[in-house]
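The values are calculated or read from the model by the stated rules, or taken from the named source; none is laboratory data. All values reported here derive from a predicted model rather than from experimental measurement. So basically every Cβ, Gly included, is an ideal-geometry build from the backbone, and we count neighbours across all protein chains shown.
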Amino acid sequence: MTTRSSHWRPQTIAIHTGYDPETTTGAISPPIYQTVGYAFESTTHAAQLFSLDQPGNIYTRIMNPTTGVLEQRIAALEGGIAAVAFSSGMAAITAAVLNVCRSGDELIAATSLYGGTWTLFTSTLQDYGITVRFVPDDKLSQASQLVTEKTRAVYVESIGNPRLNVTDLRQWASFAHNHGLPLIVDNTFPTPYLERPIDFGADVVVHSLTKWIGGHGNSIGGMVVDSGKFNYNTAQYPQFSEPDQSYHGKVLGTDFGDAGYAVRLRVKLLRDTGAALAPHSAYLILLGLETLVIRMQQACRNALELAQRLTAHPEVSWVNYPGLESDPAFPLATQYLRAGHFGSMLNFGVKGGRKAALQVMDHLKLWLIVANVGDSRSMAIHPATTTHQQLSREEQELAGAGPDLIRLSVGLEHIDDLWDDLSNALNSI
Ligand SMILES: *Cc1c(COP(=O)(O)O)cnc(C)c1O
């Protein structure tokens, strides 16, 4: 029996859901099941597992008990009915979309997106016949005209990249549902501790576990959570509503109750594309997850304090942090994010433009220059010369990555050490 209690708070779920001390040894830490295969009880048992007539372990590309604990914990934290782990956040996003969009289908998306998602949507998906239509300025008032008979889903990030805009998820959910479409939400930046998109109407939640959930910059992983609330058993989604020939005519949208989306994700996309999370990575991410809540509390506190100190610094021209009352994201942040928590990402501009920004970066000693976020270590990057280097000057400005911008992922170090290093670097200008 695996532990699950519907009334547990996030702190308890993160430590207990999905695993009871194992009966043969009493081990209290979830074991790393470093195995590829699983012995079947008989040929009949094996055949029933393969035909999906009985649930159970078949092969680690499709499921693994260590990874399963992580899946149950993230599903419980997000308030979903099931979750499927992938080898990276990008693999999870790709599978979440391909589960509902086939060649010829269309997706509607916000423009404020993680860079990898942006290139997936504007380039790679197009190569496979899936068209992504972007909502101009993310203004939903203009989105209805993008819907066609081929549209199959709506995609958005709960806190957008790189502007740190907080998305009005209730509005996006009602837009999607008014058109009979599921809403897919990337909830990597807030984590389920700060925000649970399903509570606001999201149908599918995706995560890069690589960031705050793993939290220690040591493992890549992704997750897709199924709310179990959207009905895919319609003519729009024949992959769910019609018999699947690769499973002897099973109807994936009805034969597995409300979890058809998650089942298809696992037994079709994970099985056939093979982007499985390694059990050892699942273990490291589980270890990180146990302290998610206290890490987020500390990182959010540090980030708010730094945002306030930066605002007062003479070399700083602007600060973008959803927790500042002056920030455009503040009203939605107070509606959607856990009270007093605004995330650990922060952008600011340096008065001397590109030259000064690079000078500040090169004077940092404690802060690491890294293209990653959500680590226990504090990290800084200059997007215009790195992650957004390939864009034209106008595109950089549009993407919110102008030449004066420095982007911080605030970690767990002591606030005064972080500030000493940052203010020393700023004073070098
Ligand atoms: C990092 C990130 C991803 C991609 O995740 P990987 O694990 O690096 O593949 C997707 N979305 C957001 C918001 C991210 O920060």
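Out of all the residues in the stretch 105-124, is one or more touching a Gly at 6+ places or on another chain (Cβ under 6 Å), more than 17 Å from ASP186 (Cβ to Cβ) and either more than 16 Å from the ligand (Cβ to nearest atom) or in the same structural domain as VAL373 (by TED's automatic domain parsing) (or both)? No, the stretch 105-124 contains no residue that is touching a Gly at 6+ places or on another chain (Cβ under 6 Å), more than 17 Å from ASP186 (Cβ to Cβ) and either more than 16 Å from the ligand (Cβ to nearest atom) or in the same structural domain as VAL373 (by TED's automatic domain parsing) (or both). For the stretch 285-322, residues that are closer than 23 Å to PRO30 by Cα and either surrounded by fewer than 18 Cβ atoms within 10 Å (Cβ to Cβ) or without any contact (Cβ under 8 Å) to a residue 12 or more places away in the chain (or both) total 4.
The set of residues in the stretch 197-226 being within 24 Å of ALA143 (Cα to Cα), more than 10 Å from the ligand (Cβ to nearest atom), surrounded by 24 or more Cβ atoms within 10 Å (Cβ to Cβ) and of a type outside the set (Asp, Glu) consists of PRO197, ILE198, ALA202, VAL204, VAL205.
In the stretch 125-138, the qualifying residues are those that are surrounded by fewer than 17 Cβ atoms within 10 Å (Cβ to Cβ) and at pLDDT below 95, and the one that is farthest from the ligand (Cβ to nearest atom) is PRO136. Counting the residues of the stretch 67-106 that are more than 18 Å from SER208 (Cα to Cα), of a type in the set (Ser, Thr, Tyr) and in contact with a Leu (Cβ under 9 Å, 6 or more places away or on another chain) gives 0. Of all residues in the stretch 342-352, those satisfying the criterion of being part of a loop (DSSP other than H, G, I, E, B) and under 18 Å from the mean Cα position of the chain (by Cα) are PHE342, GLY343, SER344. Selection over the stretch 328-337 of residues that are surrounded by fewer than 20 Cβ atoms within 10 Å (Cβ to Cβ) and outside any helix (DSSP H, G or I) gives a count of 1.
The one condition from (1) outside the structural domain of GLY228 (by TED's automatic domain parsing); (2) touching a residue at least 60 places away in the same chain (Cβ under 8 Å) that HIS248 does not meet is (1). A residue that is modelled with pLDDT under 95, out of contact with any helix residue (DSSP H, G or I) (no Cβ under 6 Å at 6 or more places or on another chain) and either among the aliphatic types (A, V, I, L, M) or farther than 20 Å from GLY288 by Cα (or both) cannot be found anywhere in the stretch 219-234.
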